[in-house]
Amino acid sequence: MRPCSISFQTQDEDYESLNLKRLALLKRQRTTSFSKDGILAIDDTGSLKPYAEKTEGVSYQYCPATKDEAYCNVAVVSCFTHNHKHVPIELKFYKPESEFLLGKDDPDFRSKLDFALELIDDAIAKQIPFSHIVFDSWYPSSDMIEFIDTKGKKFISEVKSDRYLIFEHPVSKKKVELQQEELVRLIRRHYWHKMRMVEYGGVQLPAYSFKTKVRDSKVELRGLVVFGKWSDEPR
């Protein structure tokens, strides 16, 4: 009888090894390869688990798939996209703070924002080329903005209505911190003559561009206020 040997790998090691092989294969194929003018998209998604309330990670929480609260698993994912090409890169399963002994202060707890930072770092480490990072209005905190800047990358995102932006007041000429509603009101009143028309999906809308910063961040950004509606989704 021939001697035999048995080796074991952890589940994480198996997954990481398989994922690296998948990405390497995609890079070698002309139709699936990555390009430097592509975009790295970061977003969270959910899987409904109405009959698995006691499963690890399942909680009554916001489910991105239904845009409502439900019993579900949530993951933060990264995806390379270019034209009609969409290639999943990596995902991080989110566990609510209630599953940790010390809640959000537990050293093992990771927020969705923590995972987003890790996914950006992961894409860079995997040498995925991209020109910009895109995510929804929940993600561009001062920490995220500072992190992206240290990596020498650029991002595009909408701004939450309650987030404060630095803006030069048109009357006092002083730098002030304004939320979206007041900012839009000032621009409409004082800078309407400086609007430019932008086109999206065949729709022409007036827009105003300005330099700004997010509160508690030193990174200079380019803000764009678009007046009108270019999507059927609520804004």
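Read-outs throughout are calculated quantities, based only on the coordinates presented, and are distinct from any laboratory measurement. Just so we're clear, the structure is a prediction, and the values are computed from it rather than from any experiment. Cβ atoms come from the backbone with ideal geometry, glycine included; neighbour counts cover every protein chain shown.
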Below 14 angstrom from the Cβ of Lys104, what's the summed charge of the other residues (Lys, Arg +1; Asp, Glu -1)? -3
Can you tell me the 0 to 90 degree angle between the C-alpha axis of helix 112-125 and the longest principal axis of the chain, rounded to 10? 70
Computed FRET efficiency, Cβ-Cβ of Glu168 and Glu118, R0 45 Å: what is it to the nearest 0.05? 0.80
Going by alpha carbons, how many degrees (0 to 90, nearest 10) lie between the helix axis of 180-190 and the longest principal axis of the chain? 30
Within 10 Å, count the other beta carbons around each residue, average over each peptide in 17-28, 157-168, 214-225, and list them highest first. 157-168, 214-225, 17-28
Output for the stretch 182-232 (equivalent-ellipsoid semi-axes, sqrt of 5λ from the C-alpha gyration tensor, Å, descending) is 22, 14, 10
Applying 1/(1 + (r/R0)^6) with R0 = 25 Å to the Cβ-Cβ distance of Leu20 and Tyr200, what FRET efficiency is obtained, to the nearest 0.05? 0.10
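So, with +1 on the Cβ of K and R and -1 on the Cβ of D and E, and no other charges, what is the size of the charge dipole of the stretch 160-207 about its Cα centre, to the nearest 20 debye?
That gives a dipole near 200 debye.
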For each pair in Lys36/Lys213; Lys92/Lys218; Lys85/Lys194; Lys49/Lys151; Lys126/Lys175; Lys36/Lys160, compute the distance between the two Cα atoms and list the pairs where it is over 31 Å. Lys85/Lys194; Lys49/Lys151; Lys126/Lys175
Rounded to the nearest 500, what is the chain's calculated 222 nm mean residue ellipticity when only DSSP H runs of at least 4 contribute -39500 (n - 2.57) each, over all residues? -7000 deg cm²/dmol
For the chain, what is the charge dipole size about the Cα centre, in debye to the nearest 20, if Lys and Arg each add +1 at the Cβ and Asp and Glu each add -1 at the Cβ? 1380
At 0.36 nm per residue, minus the direct Cα-Cα distance, what do Lys85 and Ser137 gain on full extension? Give it in nm, one decimal, please. 16.4 nm
